[in-house]
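These notes are about the structure you will find just below.
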Amino acid sequence: MEVARSAARCASSALIDLEEAPASLVVRRFDRTLVDGTVKRVHQEDCCQALGLPPTNKYADAVRKKGDDPSCARIAAILAQYADDPLAEADELLRQIVVNLALGNVDAHAKNYSLLHVQPAVVELSPMYDVVPVRDIEPRARHLSIRIMGKILADDITREDVIGEACSWGMGRGRAIQVIDETL
């Protein structure tokens, strides 16, 4: 989470010792604001919900691409339509994808990407809140949770695939390269 925060929008977190659960990771709520001394809820919608998928479809099919798989392109399309600054939000989506790939977080599924409804009919990508280096913990974990340029195996993803993914959303190649380089 600390490394992710240095490169992308990421919730603050800390390890704390609880009597019943030593070394517990706690993540600060980012879907609450303080307005005139009152805590106000900011509506959050995970991308499974935003894409109209049941929670059981949070992962792309590991064997074959299906029409109801979650995808980065579908998330980018929501941001393009409803974000106040669609270009900045596309940059952020790309940053979060690059962070997850670089850290080996192959479990970045559609419920781990979320939208904050910051105003009526206006969304932004939420901070990352579940960044786990799964490949370090379980080296046999090979499948991404969301395909990149149609590929599902983490070891098959190249820099060109990530650039191509961003370009498929309408981002210019030069901009994609710049965001990737800055993130790394």
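The values are calculated or read from the model by the stated rules, or taken from the named source; none is laboratory data. These numbers come from a predicted model, not from an experiment. So basically every Cβ, Gly included, is an ideal-geometry build from the backbone, and we count neighbours across all protein chains shown. What goes into the accessible areas is simple: the full protein's heavy atoms, side chains included, and nothing from ligands, DNA or RNA. Shrake-Rupley method; radii C 1.70, N 1.55, O 1.52, S 1.80 Å.
List of remarks:
- Protein accessible area in segment 94-136, 1.4 Å probe - carbon and sulfur %: 54 percent
- The gain in end-to-end length when the residue 18 to residue 87 segment is fully stretched comes to 20.7 nm, 0.36 nm per residue minus the alpha carbon separation.
- Accessible surface ranking that places the most exposed of 160, 138, 89, 20 first, with a 1.4 angstrom probe: 20, 160, 138, 89
- Within the chain, helix-based [θ] at 222 nm, where runs of 4 or more DSSP H residues each add -39,500 (n - 2.57), nearest 500: -9500 deg cm²/dmol
- Calculated P(r) tail over 15 Å for segment 6-102, as whole % of Cα pairs: 75 percent
- Per residue, the chain exposes an accessible area of 54 Å² to a 1.4 Å probe, with every protein chain left in place.
- Radius ratio Rg over Rh of the chain, counting only Cα atoms, Kirkwood formula for Rh: 0.97
- Distance (nanometres) between label positions extended 7 Å along Cα→Cβ at residue 137 and residue 40: 3.6 nm
- The candidates 153, 125, arranged from most to least accessible area with a 1.4 Å probe in the full protein assembly, appear as 153, 125.
- Measuring with a 1.4 angstrom probe and ignoring ligands and nucleic acids, residue 149 comes out at about 90 Å² accessible.
- Sequence-distant residues sharing a close amide H with residue 153 (under 5 Å, placed H): 144
- When you filter the trypsin sites (Lys or Arg not before Pro) in segment 79-184 for DSSP loop state and at most 16 other Cβ atoms inside 10 Å of their Cβ, you are left with 140, 142.
- Residue by residue, segment 20-35 carries 3J(HN,Hα) couplings of 8, 8, x, 6, 8, 8, 10, 10, 5, 5, 10, 9, 9, 10, 9, 10 Hz when phi is fed to the Karplus relation 6.51 cos²θ - 1.76 cosθ + 1.60 (θ = phi - 60°); x denotes Gly or Pro.
- About its Cα centre, the dipole of the chain is roughly 380 debye, where the only charges are +1 on Lys and Arg Cβ and -1 on Asp and Glu Cβ.
- In order along segment 92-97, the Karplus-derived 3J(HN,Hα) couplings, from 6.51 cos²θ - 1.76 cosθ + 1.60 at θ = phi - 60°, round to 5, 4, 4, 4, 5, 5 Hz, and Gly and Pro are given as x.
- Lysine pairs within the chain, Cα separation less than 18 Å, 8 or more sequence positions apart or different chains: 6
- Here's the picture: a label point sits 7 Å out from the Cα of residue 61 along the beta-carbon direction, and within segment 126-162 the residues with their amide nitrogen under 18 Å of it are 143-153.
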